[in-house]
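Enquirer: One structure coming up, written as structure tokens, with questions to follow.
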Amino acid sequence: MSSALLQRAKGVVVAAVDVYRGTDDGRRLADVLQRMDEPLRVAIAGRVKSGKSTLLNALVGERLAPTDAGECTRVVTWYADGHTYSVTLRLRDGRSTPARFHRDGPSLEIDLGAVAVESIAKIDVTWPTRALRTATLIDTPGVGSMSEQTSARSWAFIAPEDEATPADAVLYLMKHLHATDLEFLRAFHDREVSQPNPVNSIGVLSRADEIGVGRLDAMTSARKVARRLAAEPKVRRVMQTVVPVAGLLAETAATLTEIEVKYLRQIAEHPAGEVDALLLTADRFLTRMPGLGLTELDRRDMLGRFGLFGIRLAVSLLRRRPATTATELARMMTGHSGLDDLLEILRTLFFERRDVLKARSALLAVDAVIRDNPVPGSATLATAVEEVIAGAHPFNEMRVLSSLRAGTVKGRPAALEELERVIGGGGSQLHQRLALSADAGPVAQREAVEETLLRWQKRGASALSDHSLSVAASVAVRSCEGMLEDLRSRS
Amino acid sequence: MSQTAPAGAPTAGATALVELGLKACTAFGRDDLASRLGTARARLADPTFHVVVVGEFKKGKSSLVNALVGATVCAVDDDIATALPTYIRYGTETAANLLFGTESPEPRRQAIAFAEVRSHVTGTRPPGQPGDAPSGVEVLLPRSMLAPGLVVVDTPGLGGLGSRHAAASLAATSLADAVVFVTDASQEITATEYEFLKRARDMCPNVVCVVTKRDFYPEWRRIADLDGGHLNGLGNIPVMTVSSLLRARAVKDNDRELNEESGFGELVSFVTGSVTGGAVRGVIREAASEVEAVCAQLGRDFGLERAALADPEAARAVVADLSEAKRRAEELKESAAKWSTTLGDGVADLSADVDFDLRARIRQVLAEADSAIEETDPADTWPQMQPWLESRVSAELVTNYTMLRDRSVELSQTVGDHFRQAAGEVLAAVSVHDPTPRLEASQAAAKATAGLNLEKMTARKQAMVALKGSYGGILMFTLLGSMVGMSLMPIAVPIGLMMGRAGLKEERKRQLASRQAQAKNAVRKYCDEVSFVMAKDSRDTLRRIQRELRDHYGRRASELQRSTTQALAAANEAAKRTETERVTRLRDVEAEIKRLTTLEERAKALRAANAPVTG
């Protein structure tokens, strides 16, 4: 179903390119068309120091993005798959120039040469690596540092930009803030990324280990906090869910070295009481137990790579099972960091919905062009866009999801929960829509779909149902019909 | 009412001095001056001063407060937040109360179990009238640190420093004796934190910045240095670093080494030394000033009697001048007196100005809100609009309140000046009648002016006391929280697109216009309600200030009147006495003057000994 949608959307974009041929907009639309065949574009946004670059590195599995406060972190940087390793600077005046780079330190070091940072619109990095084949990642500069002009009186940060944005989906990184926090809500309206919507946004509670101040059960606390945040109406309106991740731990686990494992083993060998006393504070770790066999510089590096939480966790894992190999340790750490959960959510909510999200971005782009710059022929184009938007089932599902999140669909909580599931709110796979186990057989699946379809037909027709629920029910019914078609075409 | 602190050595000396003064007043039949010293004594017995702890959400405020008072008073959990202010003071036994209402000086109290404190402080408000909701929680602990009268206030960090809760915290800092600003070692202070600190600094001269969690973040020294650099421009704000976690462990295990590592030593010194010490010294100074003033007045009256007794020729002149002085003193009491009209006019003007200022500010906010609503679709922006509006309005309220506060202080000083001028004229009428040698004459003059200077010191305090009464920090916390929450009817994201393609655009436009109208309405309603409540509170505050100042100077005028009346009677008596009677009386008077002088000297010495410690 979604590929058909993508085809229809492509048709509209092709027509749009025709209408605006020869203009700047035409060139923009040609880009839009090309984008539709490329990997999903996922932007990583958030306030300054929320851990964006660290998370990006963890997702890619390599230390590419610089995580210090250097100049390059102030420019939007795109990381995409490609045939070769290259770095290109796209300047504001439209020119492009390749940049020299090297990578022997902890991250990619880009030599800007004579180019001033202010004149760069974005940096394009191509890096052949598997992780980037599924998605192109966009690292955005944070906002909210001491030196930035923030005006509490301006509406700029609230008014959303309607213009087409380059990202198909967004990961919003937030530190542990309360949902009423203005800063928290402010973060959603960064100009650089697409308008937040529960369909294409996921919240990440980054630096999750700090929530429990580095206690070993920090992640349990963090999950509780994330769950509570995810249930807040203000949050539900703008993002699908909130996932806690200890970013630093995830990045380090993905890039663990043998020497680091060796040091960790050395620490774990000492008696537990001594080690606990050593790890009580960061200062102690740096200065005590000289017999540990690590210099202060080594220890400082370890703290920088793992954080106190990471060291405590790794040491406790090694102590429990000293025979753990480096690979096993890395895998366990990744699990504890919450990265695995994030990847699973990304897969379900973003990557499996790739076509729908791509179609949506493309149509939004066309819509924006039509509104900003109407020309002869754009009226027909507008109708075509509306046809797709109004008629495409996946978009209807998205709309119902948004309405559910906004609280405008009235019904019993259990019914609304089921509705969200059936329209794909928890994943677009059949077993996810119907809350079946993943290995359920085709017979069980068909039975479940038919039963659900009947139930929602009844709900839609019932005089007791609120109008909003009836409308939503018809979408649910259509989703079930789609699932039946799929099952039939498979067998 | 707070429990009386155990007899503290620092104030014992001052109390004894005040008792002596009281005895003298009673002996000379001056119950008006006696009651003045009675108030001073009461204040010495039960001083109260506040340390307000403020800071962003999740920076470690509550942990710090717990570690400071050595008890788990404030709820600390990764997942919850402080929603109500908590006032921690001394009590002979551990106890807790819910505070209701904003009446001054004492809010209504309702006892609760200590174990319930946490749920009240973090829980949501129970449904019902806004008036029923508690405005704070009070906890009494038998901690020696709190004994001298210290009250530690934990404020809600909810909503961050840009929100309406922050405005409430800011108002609280204006009434605090010291502010402890809490940030943590995870990053440098942000622009928001800096702005808040700047405003807190304007409100309260005694501010420290504490960087917490130094056990967890390896870069804590660097962060503390950076913070210190940023704060350089704000004047003297010391930066301290602590670990509440280590402190709690150290206290539990009685581990001195851990205590060192916790860094709490500096903070505790600050609280007990600079804050408590400073506040206690302040209270002693005030008491000593009162004793000095009373002695000066009594001394002057006796001095005049002495002048009349010593030289019968001069006596007639003394009586004549005293009559003039008495007349002036009576004028001082009348409503036509300059200080009184200054006060009345001043308050009326200020009330009008504050009201106008508030309206103008709210109108500005409305204009901004309207224009933004017109440019956007409330369907997208409404959830952000509410906190924006609350924060925007709060900021204006705080500015308006600051104006009221500053101008009230100004007014009280002007009124004081006018009073002193007139009082000076009263005294000038008789200043020449001191047949004592030059030195003593100048001493007498100095005494008179000394009395006047002391008045100046308390004028500001008067205004602040009146402000404390109504604003008490408590009001601000509840005021903004009890506002009817803004709500729009649920925004219908057009699921109705399913209806069909025709009319889609028109439907969209209509729905948008309707949403915008709704939004503007809701904003207006909110602003109206805020203005209404705020305006009333400002008026009440100003009325209270007016009453306090009127009563204060009225009392001074009465004292002056009584003094001149009594002195006049004594001078008349002196003229009628026989030679021997005069000599005996003169001897007695000289003795009284000597006693009063001694007492006055002692009071002066006590005041000097408790001068504010600088640096």
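Enquirer: Which whole-number percent is the relative contact order of the range A:415-491 (Cα, under 8 Å, 6+ apart)?
Expert: Once normalised by length, the contact order is 28 percent.
Enquirer: So if I place +1 on the C-beta of Lys and Arg and -1 on the C-beta of Asp and Glu, and nothing else carries charge, what would the dipole magnitude of the range A:425-489 be about its Cα centre? I want it in debye, nearest 20.
Expert: Roughly 160 debye for the range A:425-489.
Enquirer: Sticking with this one: May I ask for the distance between the Cα centers of the range A:16-85 and the range B:393-426, given as a whole number of Å?
Expert: A separation of 59 Å, based on Cα centres.
Enquirer: Once Lys and Arg get +1 and Asp and Glu get -1 on their Cβ, which of A:Thr255, A:Ala268, A:Gln240 lies farthest toward the positive end of the dipole of the range A:217-277?
Expert: The residue sitting farthest along the positive end of the dipole is A:Gln240.
Enquirer: At 222 nm, what helix-only mean residue ellipticity would chain A give, in deg cm²/dmol to the nearest 500, using -39500 (n - 2.57) for each DSSP H run of four or more?
Expert: Theoretical 222 nm ellipticity from helices: -16500 deg cm²/dmol.
Enquirer: So, in Å, what gap is there between the alpha-carbon centers of the range A:452-491 and the range B:544-574?
Expert: Computed from Cα coordinates, the inter-centre distance equals 89 Å.
Enquirer: Sort B:58-70, A:271-283 by the packing proxy (mean of other Cβ within 10 Å over each peptide's residues), most packed first.
Expert: Listed from highest to lowest mean packing, they are B:58-70, A:271-283.
Enquirer: Next question. Taking the simple approach of a point 7 Å from Cα along Cα-to-Cβ for both A:Thr23 and A:Arg446, what is their distance in nm?
Expert: Between A:Thr23 and A:Arg446, the label points sit 5.3 nm apart.
Enquirer: Among the listed pairs B:Lys198/B:Lys338; A:Lys122/A:Lys358; A:Lys52/B:Lys520; B:Lys198/B:Lys525; A:Lys49/B:Lys61; B:Lys326/B:Lys576, which are separated by more than 26 Å between their Cα atoms?
Expert: B:Lys198/B:Lys338; A:Lys52/B:Lys520; B:Lys198/B:Lys525
Enquirer: Partner chain Cβ atoms within 10 Å, averaged over the residues of A:237-250 - can you pull that number for me?
Expert: Per residue, the number of nearby Cβ atoms from other chains is 1 on average.
Enquirer: How much accessible area per residue does chain A have, in Å², with a 1.4 Å probe?
Expert: Each residue of chain A exposes 44 Å² on average to a 1.4 Å probe.
Enquirer: What is the log10 of I(q)/I(0) for the range A:387-487, computed with the Debye formula using one identical point scatterer on each Cα and no solvent, at q = 0.14, 0.22 Å⁻¹?
Expert: Listed by q, the Debye log ratios stand at -0.49, -1.17.
Enquirer: Take peptide A:217-225, look around each residue's Cβ out to 10 angstrom, count Cβ atoms belonging to other protein chains, and average those counts.
Expert: Mean shielding by partner chains, rounded to a whole number: 2.
Enquirer: Starting from the amide H of A:Thr136, placed 1.01 Å from N in the peptide plane, find each other amide H under 5 Å away whose residue is 5 or more places distant or on another chain.
Expert: A:Leu40, A:Arg41, A:Val42
Enquirer: What does the buried accessible surface come to for B and A, summed over both chains, with the probe at 1.4 Å? Round to 100 Å².
Expert: When B and A are taken together, about 5000 Å² of accessible area is lost.
Enquirer: Going by average Cβ neighbours within 10 Å, how do the peptides B:509-521, A:466-478, B:144-156, B:366-378 rank, with the highest at the top?
Expert: By packing density, highest mean first, the sequence is B:144-156, A:466-478, B:366-378, B:509-521.
Enquirer: Given R₀ = 41 Å, what would the calculated FRET efficiency be for B:Arg595 paired with B:Asp225, taking r from the Cβ atoms and rounding to 0.05?
Expert: Computed FRET efficiency for B:Arg595 and B:Asp225: 0.10.
Enquirer: Keeping every protein chain present and rolling a 1.4 Å probe, give me the accessible area per residue for the range B:527-615 in Å².
Expert: Per-residue accessible area for the range B:527-615 comes out at 56 Å².
Enquirer: What percent of all Cα-Cα pairs in the range A:1-101 falls into each 10 Å bin, going from 0 up to the bin containing the maximum distance?
Expert: Answer for the range A:1-101: a P(r) of 12, 32, 32, 21, 4 percent.
Enquirer: Please tell me the relative contact order of the range A:199-314 in percent, rounded to the nearest whole number, where contacts are Cα pairs under 8 Å and at least six residues apart.
Expert: 28
Enquirer: To the nearest 20 Debye, how big is the dipole of chain A about its Cα centre, given +1 on the beta carbon of each Lys and Arg and -1 on that of each Asp and Glu?
Expert: 840
Enquirer: While we're here: Hey, got the average number of other protein chain Cβ atoms within 10 angstrom for residues in A:227-233?
Expert: Mean number of neighbouring Cβ atoms from other chains: 1.
The values are calculated or read from the model by the stated rules, or taken from the named source; none is laboratory data. Only a predicted model underlies this, so the values are computations on that prediction, with no experimental measurement involved. Cβ sites come from the backbone with ideal geometry, for glycine too, and all protein chains shown count toward neighbours. Only protein heavy atoms, including side chains, enter the accessible area calculation; ligands, DNA and RNA are left aside. Shrake-Rupley method; radii C 1.70, N 1.55, O 1.52, S 1.80 Å.
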